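Take a look at the structure below.
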Amino acid sequence: MDPLAAINPYVSLKDSPQLGGVYQKLPARSTRLLKYKGREQPPGSSENLLIFEFEKHKVVDIKSQYSALSYTWCHPVLDDFKDDLSHAIICDGQRMPIGLNLNDALQHIYVESDIAPSLLWVDAICINQSDLAERSEQVALMTSIYFNAANVVVWLGKDDRDAHEARALLSEYTPALKEIALELFSGNPDERIRASMVNLYDDAKLHEKYHLTPKTMEAWTALVRFLSRRWFSRIWIVQEMIFNRSHLICCGPLRFTWADLDFFVSLVFGAQWHGLNFREVEQETIKIARVFTFHREVRMSATEYLSNDPRFSRLTDEEKVYDFAQSYLLSSAFLEATDPRDRVFALSAFVNSYAAKLDIKPIWLKADYTLQATEVMLRTVQILLWKTRSLDMLSYVNDLACREQTDLPSWLPHFHIPGAVASVESLLDMHQGQKYHAGSLSSAAPTFSEIYLHMDSPGQELESQGYLLDTIDQVFHFDSGLLSILEICLTLPPIYVNGQSPIEALWRTLIAGRTDTAFPAPAETANDFADFVKGGLIGIAMEALDSSNKEILTRLFTVLGEIEERCPHPSIPTAGRFKDILDSVLADMDGCIEMLTHLRAYCPYRTLISPTHWGRKGKAVFHSRKGFLGLSPHSTQVGDEVWLLKGAKLFHILRGVSVESADKILLGEGYVHGFMEAEALQLDGMSYNPVMIK
């Protein structure tokens, strides 16, 4: 029995007695294909039902003689649409209910267009969804089904105003973009296109040169909505598109090509070209860029996968396979799957394909829909921890406050819960994040972790070798305000452990020690921090004056005075200097508003700091008993411990299970300023000891 049968609307329908005779057992390596026979209007009904017959074929025997459909079971646009499967077709003489979007797709293919193939493969119809054995076998065969198809017909849903706006914009701008890119690259083939190079939105000279019609922001936003249709973010479409390069992408009567869409997105959404302000749909544009980037990465030849990474060259072929598998499991976490188990099953084709090129037979889960989703994820993560000998996976556990299921091991990322892993803002995923090597002498030559999984134990503990660096004695949250954050430097000694001033240690910690282009962050980043602080202090002062809150103003000047006395730094204005700044601001309110708007919109430090402090999914700042400063999960408490696990790139924050037990639970990853480049390995008395994580 399928424990998740309730999420598959076709399971109960296909289990009905009248369809029992339609789904006969399939021979090995075979599948069913739909053959269109016409239309029929049942007596007393206004319906015009499409009529099909099933044909059974061995997939390899019918290469290029059929098409495969790629679509969404759910509504193509709406998130809250409940499909009652009130539409139907006739198949082998029996009425078969189908969903709205599938009905629209079949009507378009066979009635409204001239693209009707002689045979068509459709997963919801051609697989007996109520037969778990068949379902698992057919999922394992899907790579072959799509690979051997003559083409893949992609159905994005019916056309609407957004689709037509997108079609018009893409048709006009894509050829021009190709000309622009060719001109830029012809001068220097190695030069990357920078966001400041091209203003697509309102550069009159550019529009005139390339004969472009200026588009309104509404037209650009319509394109964003079109590219946010649900088909694009489905996890199964990755293999449907990659294992067959012949695609016919349909949105009603409109036609698109993947190559043009990918080219456009890679330049415009990937680079956020100058002139385009997608602030209202920023998250959507980020997701669109991620979708196409993921497809691009998967398309990459397996021989090219991380071939320039010196760390990768040290792995055995078997280790490369599992490194590949872990990378794509994590990077695909933002994609959608109706069945959470498909996060693993949908990637099997890529794991096996890459393994075959290296002549490796991998240990990987076969599609088995009798397993619970948690069991699938637990087995998969166990395999990856064991085979990669890397603790990177532990960086993707959710904060304790965000874990929806608390009966699982604390070290297990919740891949089975939609959006859980994708929402984790791991330090490893930030720019330069892969340069941390807290537990190895070099990021290019990492130390492998020692991991033992106690899977026969009721607690399913993960055992590793670790070093307790320190215990946390203070925790600060970003939402407590800028003044509270600045006060942190007053808790530090005059000289931090690595010789830096308290203010420098603070500004570097808040951005996890890196910028988008460098780790460690260059010294001039302090200037950006100064702008960030200046804008924040002015905002606090103006709000206090507006509300006549003398306490806030008094606190502001007290904090600045204490910093000036105990740890002065050019990034922080003195109390006297800030009074002068405030007086000049009050004398020119229009200029003040303009300055604050500019600082908030264009301050680089604000961009750098934002990934580390997004609410409960972000980080807290901690101070430890020995005076170390760092970042930790939002749920960190006083008394939690900062551990360096052998071979880990980052630190990990652990909490004791109880006073009586030495076992720990994992809160998440951590950053400790001054210790991210193996400095802890040089400490006197440093040695690893066993640590058990439940």
Of the criteria (1) farther than 30 Å from Ile538 by Cα; (2) touching a helix residue (DSSP H, G or I) at 6+ places or on another chain (Cβ under 6 Å), which one Met430 fails: (1)
Residue satisfying condition, being without any contact (Cβ under 8 Å) to a residue 60 or more places away in the chain and either within 14 Å of His673 (Cβ to Cβ) or not in a helix (DSSP H, G or I) (or both), within set Ala518, Ala541, Ala512, Ala523: Ala523
Among (1) in a loop (DSSP other than H, G, I, E, B); (2) open to solvent by less than 40 Å² (accessible area, probe 1.4 Å); (3) without any contact (Cβ under 8 Å) to a residue 24 or more places away in the chain - the single one Ser548 does not satisfy: (2)
Selection count, region 648-672, where residues are open to solvent by less than 10 Å² (accessible area, probe 1.4 Å) and either part of a loop (DSSP other than H, G, I, E, B) or over 20 Å from Gln500 (Cβ atoms) (or both): 9
Conditions (1) over 25 Å from Leu78 (Cα atoms); (2) under 33 Å from the mean Cα position of the chain (by Cα); (3) open to solvent by 20 Å² or more (accessible area, probe 1.4 Å); (4) aliphatic (A, V, I, L, M); number of the one not met by Ala116: (2)
Cβ-Cβ under 7 Å pairs, at least 6 apart or on other chains, region 114-133 side farther than 12 Å from Leu33 by Cβ, far side among the charged types (D, E, K, R) and part of a loop (DSSP other than H, G, I, E, B): Ser130/Asp15; Leu132/Asp2
Pairs with Cβ under 7 Å, 6+ apart, first in region 197-223 and free of Cβ contacts under 8 Å to residues at least 60 places away in the same chain and open to solvent by 50 Å² or more (accessible area, probe 1.4 Å), second of a type in the set (D, E, K, R) and part of a helix (DSSP H, G or I): Thr213/Glu172
Residues of region 411-420 satisfying the condition of being out of contact with any Lys or Arg (no Cβ under 9 Å at 6 or more places or on another chain) and modelled with pLDDT of 90 or more: Leu412, Pro413
Qualifying positions in region 207-229 - part of a loop (DSSP other than H, G, I, E, B), out of contact with any helix residue (DSSP H, G or I) (no Cβ under 6 Å at 6 or more places or on another chain) and more than 25 Å from Lys158 (Cβ to Cβ): His211, Thr213
Residues of region 489-509 classified as part of a helix (DSSP H, G or I), over 17 Å from Leu608 (Cβ atoms) and at pLDDT 95 or above, total: 1
Which listed residue is surrounded by fewer than 21 Cβ atoms within 10 Å (Cβ to Cβ) and over 24 Å from Arg311 (Cα atoms), from Ser457, Ser443: Ser457
Pairs with Cβ under 8 Å, 6+ apart, first in region 565-584 and touching a residue at least 60 places away in the same chain (Cβ under 8 Å) and open to solvent by less than 90 Å² (accessible area, probe 1.4 Å), second of a type in the set (Gly, Ala, Ser) and outside any helix (DSSP H, G or I): Cys567/Ser501; His569/Ser501
Qualifying residue in region 401-408 (condition: aliphatic (A, V, I, L, M) and crowded, with 21+ Cβ neighbours inside 10 Å): no
Tally, over region 473-498, of residues that are in contact (Cβ under 8 Å) with a residue 24 or more places away in the chain and more than 30 Å from the chain's Cα centre (by Cα): 15
Residue match in region 183-191 (condition: open to solvent by less than 30 Å² (accessible area, probe 1.4 Å), more than 24 Å from the chain's Cα centre (by Cα) and either modelled with pLDDT of 90 or more or farther than 30 Å from Gln65 by Cα (or both)): no
Residue check for Ile593: more than 31 Å from the chain's Cα centre (by Cα), at pLDDT below 95 and assigned to a helix (DSSP H, G or I): yes
Members of region 286-316 that are among the aliphatic types (A, V, I, L, M), within 22 Å of Lys435 (Cβ to Cβ) and at pLDDT below 65: Leu306
Filter pass, Ala420 being under 30 Å from Leu408 (Cα atoms), touching a Leu at 6+ places or on another chain (Cβ under 8 Å), among the small types (Gly, Ala, Ser) and not in a helix (DSSP H, G or I): no
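The values are calculated or read from the model by the stated rules, or taken from the named source; none is laboratory data. Not measured: the values here are computed from a predicted model. Every residue, glycine as well, gets a Cβ built from its backbone with ideal geometry; the counts of neighbours run over all protein chains shown. With ligands, DNA and RNA removed, areas are computed over all heavy atoms of the protein, side chains included. Shrake-Rupley method; radii C 1.70, N 1.55, O 1.52, S 1.80 Å.
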